[in-house]
Each structure stands twice: as structure tokens, then as C-alpha cells.
4 protein chains.
Amino acid sequence: MTSRRTDLRVGMVGYAFMGAAHSQAWRTVNHFFDLPSRVRMTAICGRNAGAVEAAAAKLGWESATTDWRELIARDDIDVIDICTPGDSHAEIAIAALRAGKHVLCEKPLANTVEEAQAMVAVLEGSGATAMCGFNYRRVPAAALMRQMVADGRVGTIRHVRATYLQDWIADPQFPLVWRLQREKAGSGALGDIGAHIIDLTQHVTGRLIEGVSAITETFVKQRPGGTVTVDDAALFVARLDGGALATYEASRFATGRKNALRIEINGSLGSLVFDLERLNELQFYDASLPAAEQGFSRILVTEPEHPYMSAWWPPGHTIGYEHSFTHQARDFVRAIHDGTDPSPSFREALGVQLVLDAVQRSAESGTYVEVK
Amino acid sequence: MTSRRTDLRVGMVGYAFMGAAHSQAWRTVNHFFDLPSRVRMTAICGRNAGAVEAAAAKLGWESATTDWRELIARDDIDVIDICTPGDSHAEIAIAALRAGKHVLCEKPLANTVEEAQAMVAVLEGSGATAMCGFNYRRVPAAALMRQMVADGRVGTIRHVRATYLQDWIADPQFPLVWRLQREKAGSGALGDIGAHIIDLTQHVTGRLIEGVSAITETFVKQRPGGTVTVDDAALFVARLDGGALATYEASRFATGRKNALRIEINGSLGSLVFDLERLNELQFYDASLPAAEQGFSRILVTEPEHPYMSAWWPPGHTIGYEHSFTHQARDFVRAIHDGTDPSPSFREALGVQLVLDAVQRSAESGTYVEVK
Amino acid sequence: MTSRRTDLRVGMVGYAFMGAAHSQAWRTVNHFFDLPSRVRMTAICGRNAGAVEAAAAKLGWESATTDWRELIARDDIDVIDICTPGDSHAEIAIAALRAGKHVLCEKPLANTVEEAQAMVAVLEGSGATAMCGFNYRRVPAAALMRQMVADGRVGTIRHVRATYLQDWIADPQFPLVWRLQREKAGSGALGDIGAHIIDLTQHVTGRLIEGVSAITETFVKQRPGGTVTVDDAALFVARLDGGALATYEASRFATGRKNALRIEINGSLGSLVFDLERLNELQFYDASLPAAEQGFSRILVTEPEHPYMSAWWPPGHTIGYEHSFTHQARDFVRAIHDGTDPSPSFREALGVQLVLDAVQRSAESGTYVEVK
Amino acid sequence: MTSRRTDLRVGMVGYAFMGAAHSQAWRTVNHFFDLPSRVRMTAICGRNAGAVEAAAAKLGWESATTDWRELIARDDIDVIDICTPGDSHAEIAIAALRAGKHVLCEKPLANTVEEAQAMVAVLEGSGATAMCGFNYRRVPAAALMRQMVADGRVGTIRHVRATYLQDWIADPQFPLVWRLQREKAGSGALGDIGAHIIDLTQHVTGRLIEGVSAITETFVKQRPGGTVTVDDAALFVARLDGGALATYEASRFATGRKNALRIEINGSLGSLVFDLERLNELQFYDASLPAAEQGFSRILVTEPEHPYMSAWWPPGHTIGYEHSFTHQARDFVRAIHDGTDPSPSFREALGVQLVLDAVQRSAESGTYVEVK
């Protein structure tokens, strides 16, 4: 690293699953990508003093604090990285933006449309750089999928089918964690994993969801620890602008499906399939090939020609889940340096929030609801 | 063949795709299964004299006629096998039943609920044996799927996801064939292939669809030959009795998907996946295995322990699409001999018709519609 | 069928597994392919009078006999179809050829090189049409594989890897059947299934095996019924003319592999993979595509553009194991009518025999042995 | 990190592909695993001053030097990590061991049996801890494979088939890099990737290769830059102690296969399959299940019950290639602390060298060669 690079000093709030993933990204990004700034892991924040000290040591942060307001007030922090449950996103992000910090906020952007709108409003007058953490956009195979759609390789999109399936609460004895409480999480499978497929399909297709017909369900209402107040599963059919039809399904009761985010796109000229459980692969059907040679191909997305991959290993040497966060960090660091609006912007993330809201209203009313 | 077996004399109406498949089944069934009757391919019927003569020769029928009423009136015919488009099913079947014939009727049972109800009404007073041709029930892997659900191997069903995807009209220049005309076909992808996944999911789960929220679309409305008057694609979410949630999608615009009938079931104890493009396989996830050994297994459904398979080849030697019709013939011949009600009965097929009707009403109204 | 077609009257010797497969082919071939002759299943022959009578009834033959010499002597037989164990192939085939019959002989052609040479010698002066039953050449995906190699789609071949794996005698308590006795079967896995991959790789690549280094083993030497006198598994590395290197493995002890004939070819421009357990598919890697889009594609070999498939069902509707025999019957009937030399000819099958012999000599001597 | 942990100070020689992979491992290991020592990346060594300075900055090392002897002489270095080509392994490792350093040496251990023997001899009197970098042993799915074999889940092993296929020099215009020169690399595909499958199969089965029959080839002998003096591909059949038969193939000419290390084991009770291109998965066939339910299952090796995985992400969240090096670092750090002999030891790596030597002698002599 040359001395001409400036330091970019990060303060992170939260240190659970997302905190660990973000930490690995901040630690790694400068060692694989040439960036205009050098990331420093300056401070980590959490409510429990002992736990946050231990997390600082384990995750490699220079200091720890229990007060996020103090963190935001520090002069030696450039970026606030929000890894807390959704109920605190708006308050922390707005305070950070007002203090002149750049903000990386985990998804979903907020627990309600109103909060998300407030975040967008504060950001847009602030001059700061802000981004929402829909990290799967930066899995190389998903980025390649978007690029191929943009390049016209599938033609006019007719169908999208998206599932995000997990099974970690299929056992009725699994306890009531915060992700199962509406006041903390906003919604259940819908906001947690459904938000990912809403964002990712809109991103890779370049098309927005116009309206939805949804059903949701809570299969197990009482668990050790109390009452589940969010959905266990959310399913909907949708119309996209441009005329495509889509199915969406998010569930935490799909036995055997561990992290099965799967997106298929069918267009007039071809099809594409992405599966997060095999995230180094993209399937492509090219209907312009000779009839006898058409078939779904399995592209191993490990070539230097593929998005982000020239930074890593030789062809055939695969990457994992956490790399999507490193790519996110790379692009966020560049956007801050360049003063450009990163994607997913808070406005795009608000768009996801509007879809989540439409899904909930559709499920309640039993009618087709337009997104707006 | 011993002389003690009686002949079962079949008259078939229609000689296109389904006619060829049924002919191969009638020709083959006695050579692989021990049956109480010997099938005779007595007569084939079609409107065009020259074409039906050629079909009789090609498909191996003893005689040909152009008048289905004459066929039904013959004394030397025991079974009427209806392989015509849906608009003539009710008329032919009702006449055949009134003439004392047994009836095998291709799916969907009829083009409207009213026709299907009339068929059931006539049948139920007749003493005849009648069956609807949802042949995929008798793909061994699908039959095994049903058996494993019935044996409790997946526990309480939480999710069903079913697609039947084809791409044969994705090209806007594909002409207006009868399957694209409402007066002939009743509906488009919905009744043709959507009916299969409605029937098959209800059959394998033992659960009925209670209500649906649907969208349908005709992507290409004008084709060489005229105006398309049916849906190109139909998508819906559904609730099943017993509490499961389901997604369904039928489309003829899914580029690269040729005959992709795929059903996944997630239950509290396991999951099952069937894919018609790999019809000799069934995937099973057994959540009762040790945690470190759980995974989706690919059962090659070619063992003598698997439904229908002891009649065919040694393990690992696969069968094809047409074998489902041979198995259907086998079970129908046995039901006639035994005087039992075969499955899918006309009443079950009427149930499918009620779902198709609910889907169309839901798509038109933009609301959740109960099946009844 | 028009009256101008002549009848082709078949007499089949043997009625076990291969007899059933051939019967289904003879019964079916005229109903899916337009042929210059109409096949008649005139007579079946076996040593046990009761059993052969039952087989005639079950498999659909017009008459039965217990004496193959009598069968060959009949005037009303045009073709002798030999489905017996390998030890009787040479005697029956030579007698049939001398009697002016056409001959279809199951593989391997004989149990020894000497027998095979004698068969070729008799044939070549006879004017008869003769073919050896390496049926897998006529699985459409395998036929497509050959065609693509011939069309230069993989360039210069560098590697071939071929396995034929089964597991039906992995249990030491499986009894001593004829296939485990040298005097009946000639060899074990080597001649039974190894012969298939030797023939198929030579056929699809157009290259002959020049030399081999082999090991063989009999894992279980004593079984209920007596001593196993053939190999349980045979493995060898080989050089092909043109410079490619190859690995071959045939085993009946590969637990979980039921009928796993798998061939992969790597060439300078691409690769191809065939797997008999998924016989409707062919994988193709096209190294001439843009780097970012290369991948192994899964061609579903069910299009009318694919070998033999226009005779069967619409795209995506798969075929099974037995269809390869129907295709074999089709091509044999045509060759008889046209007076052309069918492939695999007896001479080609003798070539396979020479490789089998080289493998056995290499395994015995522990040295690289040239095929000659 | 608590102050009670001692520092373990690493000096690394080499900074190319392996240097980058090892750096990421040293940087990461303490943040995911609780270890008795804290790794410090003290110094990096390479011959070119400018390049090694840049590498130090990029890869995150505290200092850089151009003289490996100086590095070894430093008091503040505990571990020498050798990431150079094979021709320098012996000299550096022996010097390091004599200087009292612990040694991690990339594979293959050396370019000749003699060098490897010398390394073992020096080590065994030294009291130091030394390990050879066969990193794939520590891919969790491979580690699980070994564990399941050891637990008797496949019974008596009958077959092993191992391939390591790449295609990076299939283009004849690819230049003459050091890996294509015998004096640098010792051998070609054989020592580079063949060594991995020799080691990994011996490790997971617990069985040693007893003898081999091999062929090798250099397909393209002249390249830009000079003459290729190593093999492009090496294939052999082998006998393992315990009676299993095996096939091995290593090639850099397998078009479309990028990093295709694939191992299949067939035993009397089950089978296992590992494929490095899908390194988060292990396939298992359990022949003790009911016959109708047997099949190859795809175990997603991301559960906390799986080796190494509790340190990483929730189930279904996959890891990549580089994690195997982090696991290697973890186990090496522990072994140093505990004073235990790590695996693969230099003696085990010498065993691999003996097999490589036998393969070369067999290829040259055209005979079966025993390993000794």
C-alpha cells in the first residue's frame, strides 16, 4: 500500500452474523482489490460491554463501544456500517447521515415504508454516500446474470421464478428468536429472505414488480419463548413492468433447503438460472444456437472474464458466501471515493420496501395489490 | 397367453399424439404385465377417411371408421378410448357410457365444469368403468412419491411447488393450432399442462386445493392463422387442505424447458422432488437421518421394489415417457375386470376441472377464489 | 402398411433378458419407422419346451421350437436373431450364415478371438447381412455424440474416459449364475460390459485402441453354487490411434452404480459426456464460445433434429433403454433391404474381441500389450 | 485476543499463487478459530526486491526480504512457509529445520525421492514440527469423506477412481512457464495435480497404493518459449493395500474441466463421491437403506456437525477454495503448540513421492511397478 491512499475509517454497529461477515469483508478487501482508500476497522459497537469487547478481539476491530451515538459523534470515523436488526436501522442511519457519515445499512432498509422514506429523505439532502446491503447482487454469477440480461442474451423476459428457501425453524421446538418477532424484525421470511429475491430479481432483470397476489402463513404460532408474530412463509405471483409474469416464495419451512435462493429467467432468446447453494455456477440456455446443440449450460463463474473474479484464484478455484460482502465493500469504497451513488441505493431499497408492503396488504385482503 | 383370458376389444377415437401413445400402450401391455384380459386393438376412428386408414395401418389397428357414433354402436367393442380435443370429450363419453361401453378419456376431462358434471352424472348410473388419462400418475417415480407421502416419509406437508414448463410457442411465428383456440381446447397452458400438475400434486399429496390467487397472460395474441384465444401462461398460489401452501405455474413460453413438469414437496420430516425430464429419478431428503448425513438423494427408480418396474428391465435400465400409458392401460384393464373404480375417476377429474375454473375466475377478478 | 412391402421373418434363439428386449424391438419397429419390410415374429427357440412355449406367448411369437438347427433349416425364416450366452454364438451364427440367413448376434460376438475370426470368415463369403448387437450405439445421445465428433465439434481428441459400472454381485451371497462362469460367458465384467465401452468409444471417436495396460480382479471367488471363474472388474489405461489417452473400467462391484455406462471425450475444441443412466441427455462443452459463456451444457436429446427422435414424441418427452434395440432393428432391416454392410459389422465386433484379448493378456503379464 | 496467547511469527518464501492463498489463511485463521497462538505475518521473501515489496504491501506482511537464508537466520521467525517451485523445497526446508524453525512446505514435498528422503531424515532428528501442504485434505467435504470411511460407512473398499483434470495448457500457444520445465517442476500434471489425488485417496481411504501401470504423454512438445520437458497427462491403474482397484488420471488438456479433482469410492456397504468444483458437497450412497430408498445423496457440507464448519456461517452458506488453507493453518498452529506430528507429515508426503516415482518408472518401462 502506498502512502498516497487515504484511510477510510469504519465504525460498525452490531456484531452477530452480519457483523462477522462484514468484518471479514473489511479485513480482506484491500488485499485482493486495488482501491483508492485503505480500510481501517476503527471501532465496533454493541450494547453489552463484555460481549462487544470480545467481538472486537475476535473480529479484529481496534476499539469497542456500547453507545452508537458516541460512535457517530467520533471525528475519526468516516463510515457507519449498520448490522443491527431492522427496528433500529432508521434511527441509526438518520443520525449517522446527519453527522456527515457515509452509511452502509444491512437489508431490509427498514421495518416500514415510512422509515425507509425518512431515510431516503435525509440522505438526499446530505451529500453522504449510502448503500443498502443486498450483498447477493455481488455474487459473481448473479452479477454475470444481470450483465447477460443487459446485453440482450435472453431477449424479452417472459418469466421470472424466484425462491428463497430455508428450513431452520421447521422444528416446532426451535425457540422464539428476534427474527420471529414483528417489533424487532418487521416481518418473517418475507422481509428477511423474501427481500433478497425481490431485490435481486429487480436488479438482474432491470424490471420492477408492478403488482402482487400473495398468501402468507405462520405454521407454528407458539414456540418456546412465546408467540411468533411474523410469517413463516410468503408466496406471491407478480407482474413485472415490461410484461413478464413471476412467482416468488420465501420460507423457513422448506425441509432440506438450507439457503436455497434460486432465480430463473425465461426470455424470448434464452434463459438463465442462478442457485445460491452453487454460487460459483450460472446456467444459461442460448436459443440462438443450432437446435441440436441447445441445452442449459453450467458456466463455472471462475474465469478472469467474470465479474470480480480476476482478483481471486485461477479458473475452477471457487469462492464462498462471504466474498459477496468483500465485493460489496470494494464497490462501496470506490463509490465513496468517486462521490457516485452506489447501488443498491437507499431509493432502490425503498422500492423493495414498497413491494414487501404490497405483499402484506395483498395477503391480508386476498386481492391483487399494485406496488406504489 | 392362455385361452382362458377374455379379449378386451378397444375402439379409439383420435389418432394424433395421444392416439399414438395409447396405441403403443395397448400393443405392449400384455407383453409385460400378466393381465386377466387380452387387449385387442379392434377399431380406430377419425373424421378423415384417408388419414384414419393410414393411421390404422401405422398404429396397428384392425379396422378404421370415420363415425364415432358407429364405433360406439358396434357390438364387438368393449372400451372407447377418447383421444380427441377437449371440446368433444363430453359428447363422446356420454354416448359411449349410455351404450354400455367402458371409457378411457384423455385429460382434461372436459372443457367446462358443466360438461364434466354431466359426464360424472351419466357414469354414476351406468355400471361402466371409466377413467381419465392423467398418465403421469403412473410414472414409477411419481407413484413412488405418492407412496412415500402416504407412508409418512415427509410428515406434515408444508409446501408444494409445481411447474409444468414448455417452450413450443415462444416463437411468435408459431401458427394458430387447435390448442391455441378456446372453442377447441377450453384454455391454453392452464388446461393442457396446468391440469396435469393440479391432478398430480393432489394425487401425490392426498390433499385438495382449497383456494387460489392467479394471474394469466397471453403474450402473443396474433399468430399466423388468427387470434390466440387462450392463455399462454397461468400462475397461481394456493392453499391446500391440511394447511400447506403451494405455487403453480404452467407456461408454453419457458425457453429451454421442454417438458419440465417438476413437483417439490416439503414436509416436517422430509422432502421429495420429481422432474419429468428425468422421469426415472426421484429425489428424497430424509430429515430423520443423522444431521451430518442428510442430503437430497437421487433414487434411480428402476428397482423391482419400485412401482411397475418389476415388469421391465434390470436395475439401472431406464424407461421412457410412453411407459406411463402402458401402466395406465394395465390398471384400467384390471379395474374393468375387477369391477373396481379406477383412479383418476371421472369424479376426481371433475375436481381438477373445478380448480381450473377457480384459477380462471381468480385471474379475471384479481381476488383469492375458493374451489367449489 | 402397404402390400408392396415384403415380410421379413425373424427366428430368435434365446428368450431371457436379451430375448425380451429384442422382442419389444421387433414388435415396435414398424409402428414408429417407415421401413421397406414388415417384420414378422415367426419363431422363437429355446431348449426347454415348456419355457419356450410360455415365452412365445408372453413375448408374442407365432411359434416355438426347442431345436435351433431346425429353426435355421426352415424356409420361412429370413433372419436369425441370436440372444444366447456367448459360448454358442459362433456355432449358431456360422450355421445360420451357411443356411443363407441374415444374422443379428448379441455382443460380445464370441468368447474367443478364434471364434470371432471364424464367424467373420464365414460371413464374408456368404452374401448375407450380419450385425453385432452393440445396441448402445443407437441411443440417440450416443449417436449424436459420434456425429458431433465427426463434425469436428471437439477437434483433436486428447482424452477418453469410459466406465461401465454395475453393482449386482457386490453381495457375496449372490449366486453363481452363468455370467460368472468362464465356459459360458468367456469373461466377466470385461466381456459383458467392458465390451460395450470398448465398442462405443471406438465408434464415437472413430479411433481404435492401440494398446493397453490392465489389471483385473475377482473379489469374491466362492459363491453359492460354486467357484467364480471370471473377473469381477477390469481396469485399463490405453492409447488410441491419433494420440489420445484413455482410461477404461468395467465393474460389477460399484455400489450404487446400477447401469453407469459413462463416456467423456476431451478434445482441443470441446468435450462431450454421455451417461447411460440419463440416456436422453448429452453434455457438450464448446470451447469456441466466448470465454465468459463456456460451460458444459445439458442437451436434452429429444428434438426432431436428433438421431432417431423424429419418430417418437414431442421435444422433452423421453425414451428408455429398450428404444436402442428398436433403432438397431430399424437399421438392420434397412441394411438387409439395401444389401449394405450394417455397423457394427462382425469385423468391427472382432476388433472389440481383439481388445478384450489384449486386456486379458496385459492383466496376466503385467505389461503394456498392443492390440493385434 | 487475550494477552496470554503467544505470537507465532511466520516467514513465507514465495509470493505467487500459493503465497496469496497462504497469506489469506494466516490473516484469517485467528478470526474464525480459537487458537493457542496468534499468527503474525512477520516477513515475506522473494528474489526480486521491487516485486517482493509490492507483495508484502498487497498481501499484508510486516516486512520483506530477498534472501531466504537471511529469513531463516532471523530470531523473530518461528515458522518458515515454503511456497516456491519444487526444485527449492528441499534446500530451504532442510536449512530451516536445521535452524530450528517449524516448516510448512507446499506440495509436492520435493522433485525427487532422494530430496524427500533427505528432508524426512533431517526433520526426524530436529524436534521441529513440519507439514506438507496437501490442502485439499482440509476441504470439509473431503474431511467428512475420510471420517465416513473410517466410521465404516462404505465397508470394504473395492474401487477408487480419481481424476484431477484441468485445461489451462490445451491451447498449443500457451507459453513455456516454469510448471512445464522438468528442472523446476520435477514433472508436469503428475507432480502438480496427480500428487493431490494420490495423497487425497490414500488419506481418505486409509489405504496405500501398492503398484501401478501407467502411461504418460506430452501432447504439445514445443511451445512459445521452448521445449516442454514434463508430462501433459498421466494415467494409471493401481492396486491398493486391502485389495481395492483404482484408476488415476491427471491432465492439463481436459477441455472444460477447470479444477476437476473428483474422487469416487465404492465399498461393500456404500459409496462416496467428492468433486472439488462443488467443494461444499459430498455424495453418499448408503446401501443399508431400504432398497426402494437407496440413492446417491448430495450432502451440503455446511452444517455445524461437519468438519471445520462450525467456525464459519449458518447452514447453506458456502465456503470456497481458500478456506482449505485456513483450515490447514489452524491445524498446523495447533500441532506446533501441542508438539504433535501434523498430517500430512513429511513421511506421508514422501510416500506420495514414491508413488510418483513408480508411475514414472511404469510409464517408461511399460510394466506394472510396485511402490517402494
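Read-outs: derived from the displayed coordinates by stated rules, not from any lab. It should be emphasised that the depicted structure is a prediction, and the values quoted were computed from it without experimental measurement. So basically every Cβ, Gly included, is an ideal-geometry build from the backbone, and we count neighbours across all protein chains shown.
For C:Glu70, inter-copy separations between label points set 7 Å beyond Cα along the Cβ vector come to 4.6, 9.9, 10.6 nm, shortest first. Let me know the shape class of region A:1-141, please: from the alpha-carbon gyration tensor, a ≥ b ≥ c as square roots of the eigenvalues, rounded when a/c is under 1.5, otherwise prolate if a/b is greater than b/c, or oblate. Taking the square roots of the gyration eigenvalues as a ≥ b ≥ c, region A:1-141 is rounded.
Simple spin-label estimate for A:Phe174 and C:Ala16 gives 5.3 nm between the two label positions (7 Å along the Cα-to-Cβ direction from each Cα).
Here the relative contact order of region A:6-135, from alpha carbon pairs under 8 Å that lie six or more residues apart, stands at 23 percent.
Here chain C is assigned +1 on the Cβ of each Lys and Arg and -1 on the Cβ of each Asp and Glu. Its dipole about the Cα centre then comes out at about 320 debye. For a straight C-alpha distance cut-off of 15 angstrom, the aspartates and glutamates reachable from C:Lys101 (same-chain residues fewer than eight places away being disregarded) are C:Asp7, C:Glu70, C:Asp75, C:Asp76, C:Asp78, C:Asp81, C:Glu91, C:Glu124, C:Asp341. When DSSP assigns beta bridges and you keep just the ones with both residues in chain B, what percent turn out antiparallel, to the nearest 5? Restricted to chain B, the bridges split so that about 60 percent are antiparallel.
Is region D:99-187 rounded, prolate or oblate when judged by the Cα gyration tensor, a ≥ b ≥ c being the square roots of its eigenvalues, rounded requiring a/c under 1.5 and prolate requiring a/b larger than b/c?
Taking the square roots of the gyration eigenvalues as a ≥ b ≥ c, region D:99-187 is oblate.
Mind checking which of C:Ala141, C:Ala96, C:Ala291 is farthest towards the positive end of chain C's charge dipole, using Cβ charges of +1 (Lys, Arg) and -1 (Asp, Glu) about the Cα centre? My answer, from the dipole projection, is C:Ala141. Closest approach of a chain B beta carbon to the axis mapping chain B onto chain D (residue, whole Å): B:Ser297, 2. Comparing C:Asn111, C:Asn30, C:Asn135 in a Gaussian network model of chain C, where Cα atoms under 10 Å apart are tied by springs, the biggest mean-square fluctuation is seen for C:Asn30.
Taking B:Ala49, B:Ala116, B:Ala142 in turn, the Gaussian network model of chain B (Cα-Cα springs below 10 Å) assigns the largest fluctuation to B:Ala49.
For A:Lys107, the lysines whose Cα comes closer than 23 Å to its Cα, not counting residues fewer than 8 places off in the same chain, are A:Lys184, A:Lys258, A:Lys372. The simple spin-label model puts a point 7 Å past each Cα toward its Cβ; for B:Glu114 and C:Arg361 those points are separated by 8.3 nm.
For the protein assembly as shown, the Cβ-based charge dipole about the Cα centre amounts to some 0 debye (Lys, Arg positive; Asp, Glu negative; other atoms uncharged).
Can you give me the C-alpha center-to-center distance between region D:8-71 and region C:299-352, rounded to a whole angstrom? Cα centroid of region D:8-71 versus Cα centroid of region C:299-352: 61 Å apart. To the nearest Å, what is the center-to-center distance of region B:202-265 and region C:108-148, using C-alpha atoms only? Cα centroid to Cα centroid, the span is 49 Å.
Just for the protein assembly as shown, what percent of DSSP beta bridges are antiparallel, to the closest 5?
Rounded to the nearest five, the antiparallel share is 60 percent.
Take each complete run of DSSP H in chain A, measure how far its Cα atoms stretch along the helix's own axis, and keep only those covering 24 Å or more with mean Kyte-Doolittle hydropathy at least -1.0; list them. Result, helices passing both filters: A:346-365.
What is the local net charge at D:Met18, summed over the other residues whose Cβ is closer than 10 Å to its Cβ (Lys, Arg +1; Asp, Glu -1)? With Lys, Arg at +1 and Asp, Glu at -1, the neighbours total -1. Counting Lys and Arg as +1 and Asp and Glu as -1 over every other residue whose Cβ lies under 13 Å from the Cβ of D:Lys221, the net charge comes to -1. The trypsin sites (Lys or Arg not before Pro) of region D:228-327 include none that meets both conditions, a loop assignment by DSSP and at most 13 other Cβ atoms within 10 Å of the site Cβ. Distances between copies at C:Asn48, taken between label points 7 Å from Cα along the C-beta direction, are 5.1, 7.5, 7.9 nm in increasing order. Short-range pairs are left out: with C-alpha atoms under 8 Å and at least six residues apart, the relative contact order of chain B is 20 percent.
Distances, shortest first, from the label point of D:Thr367 to those at the same position in the other copies read 0.9, 9.0, 9.0 nm; the point lies 7 Å along Cα to C-beta.
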